[in-house]
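One structure is given below, encoded as structure tokens.
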Amino acid sequence: MVHVALSFLFAIVGETTAKPLSYEDALAQAQKEKKPLLILVGARWCASCQIMKRDTIEPMKESGDLKDVVVTYIDKDERPELAEKLMKGQTLPQIVLFSKNAGNWRRFSLTGMQSKARMAELLGRADGTPVTLR
């Protein structure tokens, strides 16, 4: 009976914790779907990075605030070369947003902990329209 209960629990957990897209897959999806690409550059040891992911980005994804954006995460320690190309300075976390307007990709960024309101402001700047949080 315990085995059945554990199997059921793991099945539920497995469904709710989808593996995030790799940077390469996220970039390809953003290009294909013509959506902005939002990247959180952080590290496992960075408490602010984990809080930002858990308390800002994930709730925004769940509420639909990021439904028109492809989101991915880069661990600075696991992908140092890519992180160096994406980041401005060494402060973590960093949000990098690429948005295509008039045929050209533009880069926007925020450094440090950010609220949902600041994230919405960044998204609005990127596409030229104000974003209201749900």
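Key figures
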{"quantity": "L122 vs. criteria touching a residue at least 24 places away in the same chain (Cβ under 8 Å) and within 21 Å of K32 (Cα to Cα)", "calculated": "no"}
{"quantity": "Positions within the range 59-109 being loosely packed, with under 11 Cβ neighbours inside 10 Å and among the hydrophobic types (A, V, I, L, M, F, W, C), in sequence order", "calculated": "A102"}
{"quantity": "Tabulated pairs, the range 23-50, first within 17 Å of N101 (Cα to Cα), second among the basic types (K, R) and surrounded by 16 or more Cβ atoms within 10 Å (Cβ to Cβ), C-beta under 8 angstrom, 6+ apart or interchain", "calculated": "Q29/K35; K34/K100; P36/K100"}
{"quantity": "Selection within the range 84-118 - β-branched (V, I, T) and without any contact (Cβ under 8 Å) to a residue 40 or more places away in the chain", "calculated": "T91, T111"}
{"quantity": "Looking only at the range 76-100, and only at residues there that are of a type in the set (A, V, I, L, M, F, W, C) and part of a loop (DSSP other than H, G, I, E, B), the one that is nearest to A117 (Cα to Cα)", "calculated": "L92"}
{"quantity": "Residue match in the range 59-75 (condition: at pLDDT below 95, among the acidic types (D, E) and not in a helix (DSSP H, G or I))", "calculated": "yes"}
{"quantity": "Residue in the range 81-90 that is modelled with pLDDT under 95 and small (G, A, S) present", "calculated": "yes"}
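The values are calculated or read from the model by the stated rules, or taken from the named source; none is laboratory data. Since the model is a prediction, treat every value here as computed from it, not as a measurement. Note that we place each Cβ from the backbone using ideal geometry, even for glycine, and neighbour counts take in every protein chain shown.
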